[in-house]
1. Test each condition in (1) under 26 Å from Arg36 (Cα atoms); (2) at pLDDT below 95; (3) not hydroxyl-bearing (Ser, Thr, Tyr) for Arg123 and report the one that comes out false.
2. Report yes if some residue within region 129-148 is of a type in the set (Lys, Arg) and either farther than 14 Å from Leu184 by Cα or surrounded by 23 or more Cβ atoms within 10 Å (Cβ to Cβ) (or both); otherwise report no.
3. Would you pick out the residues in region 80-105 that are within 14 Å of ligand 1 (Cβ to nearest atom), hydroxyl-bearing (Ser, Thr, Tyr) and in contact (Cβ under 8 Å) with a residue 40 or more places away in the chain?
4. Could you say whether any residue in region 190-204 is touching a helix residue (DSSP H, G or I) at 6+ places or on another chain (Cβ under 6 Å), surrounded by fewer than 22 Cβ atoms within 10 Å (Cβ to Cβ) and not in a loop (DSSP other than H, G, I, E, B)?
5. Considering only residues that are away from ligand 1 (no atom under 16 Å from the Cβ) and at pLDDT 95 or above, which ones fall in region 191-208?
6. Evaluate region 228-238: report whether one residue or more is within 16 Å of ligand 2 (Cβ to nearest atom), within 22 Å of Lys30 (Cα to Cα), part of a helix (DSSP H, G or I) and not β-branched (Val, Ile, Thr).
7. Can you find a residue that is within 30 Å of Glu161 (Cα to Cα), more than 16 Å from ligand 1 (Cβ to nearest atom), more than 21 Å from the chain's Cα centre (by Cα) and modelled with pLDDT under 95 anywhere in region 12-20?
8. Output the residues belonging to region 185-210 that are among the β-branched types (Val, Ile, Thr) and either within 14 Å of ligand 2 (Cβ to nearest atom) or more than 19 Å from Leu170 (Cα to Cα) (or both).
Amino acid sequence: MSKKTNEAATGNTVGKVGSVSANWDHLGKKGEGPARNLLEVRDLRVTYGGIQAVRGISFDVPEHEIVTLIGANGAGKSSTLRSIVALEKPAGGSIRFEGKEIIGLGTEQIVNNGITLVPEGRRVFVNLSVYENLRMGAFLRNDELQSDLDWVYTLFPRLKERSWQAAGTLSGGEQQMLAIARALMSRPKMIMMDEPSLGLAPIIVQEVFEIIREINKMGMTILLVEQNANMALKAADMGYVMETGSITLSGAGQELAENPVVKEAYLGKARN
Ligand SMILES: Nc1ncnc2c1ncn2[C@@H]1O[C@H](COP(=O)(O)OP(=O)(O)OP(=O)(O)O)[C@@H](O)[C@H]1O
Ligand SMILES: [Mg+2]
């Protein structure tokens, strides 16, 4: 098959998500055992000099669910995620993961406890291969990585085909997949994603959300930050709306998607 026909056949998208069942045993499944909050954020405050970016917000992320934080530019969404993994030092409040306070721990310890962040702008190591990027995702682990590699390659067949390609030469959608796959290599219990759909073509956005749903179905707890409120609320069990550092509305994802205030402010200009 020529390269051209091959591209046409795949529609030049990031490829279908493979289905995986092994390797997620540590997560358990939705409905197995009593529901509990994996993450509990209380009165969290983040400041930059005199700027109050996050002004005392509280929310929960129940195990096995998708929770989304939506809101306009500058609302404080990234600051919230970054403070959870200690990339910003909170000015106050409490962040408990599996019941234990994690404010004060370093980023490595928090990652070791099972939280990982796919940062805004899908930062991959552009000069490293796909394979090397995936290995970097597991740098805190000393155990055997092969089964995890097999696992993410099953989930993202397109990355397997491209494992020796430099990450910088992947398409935007493929780089986003790599950023997610790399985060999964740390064997998290909860994955946080900061605007995974940003700057991607609508068809690729659909695929990213398909992956989010698929990962969640396999038991992963997800905290998703999005400006694409429509897609995020449709996928989420629970949603929170942030405005200038505060949570102004919350509710079940579907309920929020139908809320007139949310529709007016966030869904009118939805990209999908
Ligand atoms: N390192 C920083 N130094 C100073 N101010 C910052 C810093 N990072 C963020 N801010 C400010 O904090 C506020 C919240 O920013 P944040 O990045 O958390 O918002 P966001 O909701 O993620 O926005 P976006 O949707 O544009 O990504 C903004 O006013 C921003 O300018
Ligand atoms: Mg942001």
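1. The failed condition is (1).
2. Checked against the condition, which is being of a type in the set (Lys, Arg) and either farther than 14 Å from Leu184 by Cα or surrounded by 23 or more Cβ atoms within 10 Å (Cβ to Cβ) (or both), region 129-148 yields no hits at all.
3. Matches in region 80-105: Thr80 only.
4. Yes, that holds for at least one residue.
5. Once the filter is applied, which keeps residues that are away from ligand 1 (no atom under 16 Å from the Cβ) and at pLDDT 95 or above, region 191-208 yields only Ile191.
6. Within region 228-238, one or more residues are within 16 Å of ligand 2 (Cβ to nearest atom), within 22 Å of Lys30 (Cα to Cα), part of a helix (DSSP H, G or I) and not β-branched (Val, Ile, Thr).
7. Looking only at region 12-20, we keep the residues that are within 30 Å of Glu161 (Cα to Cα), and these are 12-20.
Now narrow it down to the ones that are more than 16 Å from ligand 1 (Cβ to nearest atom): 12-20.
Pick out the ones that are also more than 21 Å from the chain's Cα centre (by Cα) and you get 12.
With modelled with pLDDT under 95 added as a condition, the list becomes 12.
So far as region 12-20 goes, yes, one or more of its residues are within 30 Å of Glu161 (Cα to Cα), more than 16 Å from ligand 1 (Cβ to nearest atom), more than 21 Å from the chain's Cα centre (by Cα) and modelled with pLDDT under 95.
8. The one that is among the β-branched types (Val, Ile, Thr) and either within 14 Å of ligand 2 (Cβ to nearest atom) or more than 19 Å from Leu170 (Cα to Cα) (or both): Ile191.
The values are calculated or read from the model by the stated rules, or taken from the named source; none is laboratory data. Predicted model only: the values in this text are computed from it and were never measured. Don't worry about glycine lacking a Cβ; one is built from the backbone with ideal geometry, like all the others, and counts go over all protein chains shown.
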